[in-house]
Structure formats: structure tokens, C-alpha cells
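Structure record follows, encoded as C-alpha cells.
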Amino acid sequence: MGGADAVAISQYKDFRKSGLDVTLCSVVDESLQKNTDDLIGYPLYPRYFLKNLFWIKAYKKVKKLFVMNDIGIYIIHSWTKQLSSSIFYALRGKKVYIVAHDYFLVCPNGGLYNYNKKQKCNVRGGGAKCLSINCDKSSYWIKIYRWLRFWIQAFGIKICNPQIIALNELQVGLFAQFPRVQLLKNKIDQDFCFPEINSSNRKYLTYIGRGDPEKGVSVLGDRELVSSLPIMVIGPEKGSLGPSFENVIYTGWLSEGDIRRHIDQTIIGIFPSLWNEVDPLTPWKFFSRGIPVACCIENIFGQFMVNKIPELVYSNVNELNFLLQKIEDKIFYDKLCEKVKDLYVSEVEIRSDIWSRGFNEIIN
């Protein structure tokens, strides 16, 4: 389950607990009889070309099932891989909220990232300069296609005039072009207990996530990385990160319960992402168990941590080495653990308050 899915389901449960009548809508692959994250498919295949730009069936379904029944509020968490921007045209004149789990509202590839140059992109999305840059993971033809889709989406959003829910401060600035924007950060799971874990059982440097280059996981295979800790990678399949990761322990994707058990064997996590992930929840999984996380300064979470626990932030492999050496000092390590526990409790309260106020604005 992706981050947007998890947040949507959590939000659905909160609405239901408040006594509201809520319908959770997702696309179902009729041939497989199950929900799917990517029903639309590769956009340059003829059967998907128009579907990805404007899926007429989704437009008609939304009109028939929801708009005609006059449901009061519509909250959209994801549309680029399932429904297409046709839903914005269908919801014209309705009370609509978009929860921005990515940057597709201002960037054709959704990441503000040049995947070919492996660096962040500051070019205004949708402009002529944007069109001239081959930044897409797949090909320049896909980039052109996404650029066209961006403008179909932009017109749909203009006539729909939704309230945009930004999940970080960077988005608030980027979305200033839209008339209605509010900041509403993701809630953090309050089911924590900071278990008493025998320190001798904590032995891994653990990474959770995909193996894509922008995730920064290559730092764990850097020749200059000096650490006596065995490295555990949760997500990528065995061998998928290349030969420099021959000593890495791969687990593949795990259930939430299994992830928690693996985290409890971790002495320190790492969040090495090189792009501005919108509001990552992975580091909080470690913090909820009282375990510190080394954070790269290149991402939003690392920048957040600079003002909270700067000892955990690194900008290069040498600084990461220094941190990994420092945690061998038990006094230093224990203090870090206490700091992440305090930060976790504080942030849970802050975000719960932000969510409660935003929740009330939505339903009223």
C-alpha cells in the first residue's frame, strides 16, 4: 500500500468515526476483480493513449454514481494512475478537495526532479522550457505526453476550482497560483509504546523504500561508507541494487507487522532520499519505536530535522560515517533515542491538532 492509499484510508476511518456517511472510491480491474494502482497503463500504447489523457468512462461514472446523487464533499487523493483528470471536469461546481501527495499540480512528471540528471528541477512546470527538458524516467516521448496531459489537467482544475490541501510548506509556496490552498500535514500513527528492546538485539542499519536512484539508497553501496553495522534493505528484491550491495540483507516488501519487527532489530535507520518527498512517513515508523534515523539534507524531512535533531542530518558520506561512528558511544546513542521519542510525541500532538482543525473546516 502506497502513502496516498494509507492516508486516504486513515482519513476515511476518521470521517466514519465522526458519524459521517463516507464512500471510498477506487478503480477496480474487472478482469482481476481487485483494486489496482495503475489501471491506465503505459500511455504510448494505443489502448491507453487517450485513456490516460481523459478517461471518458471515469468521467461518466463519476457523473452517474456521485454527482447525480449530490454527495456533499469530494476528496481526491490520486488520479494520475487511475482516473485521469477527467474527474475534475465531472466535478465542476462541486465542493472538491485535492490532497497533494505529489507535485503533479505544478510538474508534469510529478516529482520536481530531473530523473536523467539525477537532480532537483526548479523549472516552472508546463512552460516552453519545461517541454524542452528530457527529465522523465522513461523517454522524451513520455515527457511530451505528460506535458500535454498537464495542460488538460490544468484546465480541468481551473473549472473545478478545488481547495488544494498542501502537505508541506514547499507545496504552499508552489501552489500559490491556485486561489484556495491550506496546509494540512499527514497524521502520524499514535499507536506507539517505545518498547523496551535489548540493545544487543539492535544491530542493523536499515533502509525502507524503493530502490530508485532518487531515493538515494546508493549511499549504502558507496565505497567510502565505513560502518561495522550490517545493512538491511526492506523493499527492493535481492540483488536489485547492483553488485556494490553484495553484503546487504534484502527482505523484499513486508507487512506492517513484519516491518515493525525488523525495525526493532535496528540500531539506526536511514532516510537518504535526494528529492523532496512530500510528507514522508517512513522515518516516523522508526521514531515510533524510539530508534533514530540518519537523514539526508537534500530532502524535506532532512531539512525539518536540521531544526529538531541536527546530529542526525548528513550532507555527504563522510558526515554519515561520522554519525555512524558516534552512535557507538552508548551515552550519545541513548540521548539520541530519547530525543526522537520526545520529537515523536510532540509531532503527534501538533499534527493531530492541525488535522482536527482542518477536519472541522472540511466537514463544515
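Below is a table of values for the structure above.
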quantity	calculated
Convex hull volume per residue for segment 186-333, taking Cα atoms only, in Å³	111
Calculated FRET efficiency for the pair Asp264/Trp151, C-beta based, R₀ 56 Å, to 0.05	0.70
Segment 294-354, accessible surface, carbon-and-sulfur percent (1.4 angstrom probe)	53
Size of electric dipole in segment 208-343: Cβ of Lys, Arg +1 and of Asp, Glu -1, about Cα centre, debye, nearest 20	300
Efficiency of FRET from Cβ geometry, Lys81 and Val306, R₀ 45 Å, rounded to 0.05	0.85
From phi via Karplus (6.51, -1.76, 1.60), per-residue ³J(HN,Hα) for segment 281-286 in Hz, x at Gly/Pro	9, 4, x, 5, 4, 5
Unit charges at the beta carbon, dipole of the chain: most positive-side option, Ile76, Ala100, Leu131	Leu131
Distant-in-sequence amide H partners of Ile76 (H built 1.01 Å from N, under 5 Å)	Tyr97, Ile98, Val99
Charge dipole of the chain about the Cα centre (unit charges at C-beta), most positive-ward option of Trp284, Pro310, Pro236	Pro236
Relative pair counts by distance (%), Cα atoms of the chain, 10 Å bins	5, 22, 31, 26, 14, 3, 0
For the chain: accessible area per residue (Å², 1.4 Å)	52
In order through segment 217-234: 3J(HN,Hα) via Karplus (6.51 cos²θ - 1.76 cosθ + 1.60), integer Hz, x for Gly, Pro	5, 4, 4, 6, x, 5, 4, 7, 6, 10, 7, 8, 7, x, 9, 10, 10, 9
Solvent-accessible area of Arg149 with every protein chain in place, 1.4 Å probe, in Å² to the nearest 10	30
Cα-based Rg and Dmax for segment 246-289, where Dmax is the largest Cα-Cα distance (Å)	11.7, 31
Residue order for Trp253, Trp275 - accessible surface, 1.4 angstrom probe, largest first	Trp253, Trp275
Reach of Lys17 by Cα under 19 Å, taken over lysines that are not fewer than 8 positions away in the same chain	Lys187
Within the chain, helix-based [θ] at 222 nm, where runs of 4 or more DSSP H residues each add -39,500 (n - 2.57), nearest 500	-11000 deg cm²/dmol
Between helix 317-326 and the chain: long-axis angle, C-alpha atoms, 0 to 90°, nearest 10	50
Amide H partners (placed H, <5 Å) of Asn114, local residues excluded	Gln119, Lys120, Cys121
Extension gain, Gln325 back to Ser244 (0.36 nm per residue minus Cα-Cα distance, nm)	27.0 nm
Gained length - Asn122 relative to Val22, 0.36 nm times residue gap less alpha-carbon distance	32.2 nm
Segment Glu256-Asp342, extension gain: residue separation times 0.36 nm, minus the distance between their alpha carbons	28.7 nm
Across Lys215/Lys339; Lys285/Lys335; Lys81/Lys238; Lys94/Lys120; Lys51/Lys185, pairs whose alpha-carbon gap is larger than 30 Å	Lys94/Lys120; Lys51/Lys185
Gaussian network model of the chain, Cα within-10 Å springs - most flexible of Ser273, Ser18, Ser346	Ser18
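The values are calculated or read from the model by the stated rules, or taken from the named source; none is laboratory data. Note that the structure is predicted; figures quoted are calculated from it, not measured. Note that we place each Cβ from the backbone using ideal geometry, even for glycine, and neighbour counts take in every protein chain shown. Keep in mind that these areas ignore ligands, DNA and RNA; they rest on the heavy atoms of the full protein, side chains included. Shrake-Rupley method; radii C 1.70, N 1.55, O 1.52, S 1.80 Å.
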